[in-house]
Amino acid sequence: MTPRFLPTIKDSADRESHTLLFVTIAFVVVTVKMLIAGVDLSAFGLGKAQAISLTEYATSVAAVMAVWLGREWIRKP
């Protein structure tokens, strides 16, 4: 039984998906982190953002996409 208070988005099969929403949010967060890597955020009281390599970014994206791929792999009819 799935709680109805969690937001959803529709997948390619036109089914509501909580997993796809969380994968999308995680992808956006990882991408924003990559974009601000190495930027000085002292004006916001955060200090300098730690730089990350392209390999670390690719590994993070692959891990996030693995969750989505796993969901698609065990798709229920």
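Those residues that are polar (S, T, N, Q) and touching a strand residue (DSSP E or B) at 6+ places or on another chain (Cβ under 9 Å), I need them from segment 39-77; list them, please.
SER42, the sole residue that qualifies.
How many residues are of a type outside the set (A, V, I, L, M), surrounded by 14 or more Cβ atoms within 10 Å (Cβ to Cβ) and in contact with a Ser or Thr (Cβ under 9 Å, 6 or more places away or on another chain) when one looks only at segment 32-59?
2
Checking SER17 against (1) modelled with pLDDT of 85 or more; (2) surrounded by 14 or more Cβ atoms within 10 Å (Cβ to Cβ), only one condition comes out false. Which one?
(1)
Return the pairs, sorted by first residue and then second, in which the second residue is among the basic types (Lys, Arg) and not in a helix (DSSP H, G or I), the first residue lies in segment 13-36 and is touching a residue at least 12 places away in the same chain (Cβ under 8 Å) and more than 18 Å from SER53 (Cβ to Cβ), the beta carbons are less than 8 Å apart, and the residues are 6+ apart or on different chains.
Taking only residues 6 or more apart or on different chains, the pairs are ALA13/ARG75; SER17/LYS10.
The values are calculated or read from the model by the stated rules, or taken from the named source; none is laboratory data. From a predicted model like this one, the values you see are computed outputs, not experimental measurements. Here Cβ is always computed from backbone atoms with ideal geometry, including for glycine, and neighbour counts include all displayed protein chains.
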